[in-house]
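Taking it in order: structure first as structure tokens, then the write-up.
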Amino acid sequence: MVYLALLLTLMSLAFWVYVLFDVIGSDAERIRLLPKPAWAVIVLLLPKIGAIAWFLLGRPPREPAVNGPVGPPSPFPEYEHPGRARAATPEEDEEFLRRCRERAEEQRRRAREFQEREERERRERERREQGSDRRERDGDEDPTGPSV
């Protein structure tokens, strides 16, 4: 019995918090019967009765969901945005494509330069490591003689 009372209390609290956020998040012009601050005070001071009254009397009517196209989603959703930029003339389209090609060539050039720089640095490291290995092998014997 205690668990049932605890469950009902938690559900009541969750409902009250939901209604409070619903009042705060609702559009003030669409709320029915009373102004938005009045509904917030009612819900805060009378949690159960205020929450039920909000749902019955004050909550703005919800707009029906807009029916979208039926079927599988487009493989290119970026083309589905209304008002997306489109070329008005073939010349604008050609200009856009030319800029895309230039940008791609610039990116390829930078990538080649980066790879060449990385390759040069790798070869330099290998030369330095080989030089230090030779010096270590040549310097194994102490020229001053054995230490006592």
Working out 0.36 nm times the residue gap between Glu63 and Phe114, then minus their Cα-Cα distance, what length gain in nm do you get to one decimal?
-> 12.9 nm
Can you send over the solvent-accessible area of Arg32, 1.4 Å probe, protein chains only, in Å² to the nearest 10?
-> 100 Å²
Extension gain Glu126-Ile52, at 0.36 nm per residue separation less the Cα-Cα distance, in nm?
-> 18.9 nm
Note, region 27-43: 3J(HN,Hα) by Karplus (6.51, -1.76, 1.60, θ = phi - 60°), whole Hz, Gly/Pro = x, goes 6, 4, 6, 9, 5, 8, 6, 10, x, 4, x, 5, 5, 4, 5, 4, 5
Starting from the residue with the highest accessible area, list Trp54, Trp16 in decreasing order, probe 1.4 Å.
-> Trp16, Trp54
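The values are calculated or read from the model by the stated rules, or taken from the named source; none is laboratory data. A quick note: this is a predicted structure, and the numbers were derived from the prediction, not measured. Ligands, DNA and RNA are excluded from the accessible area calculation, which covers all protein heavy atoms including side chains. Shrake-Rupley method; radii C 1.70, N 1.55, O 1.52, S 1.80 Å.
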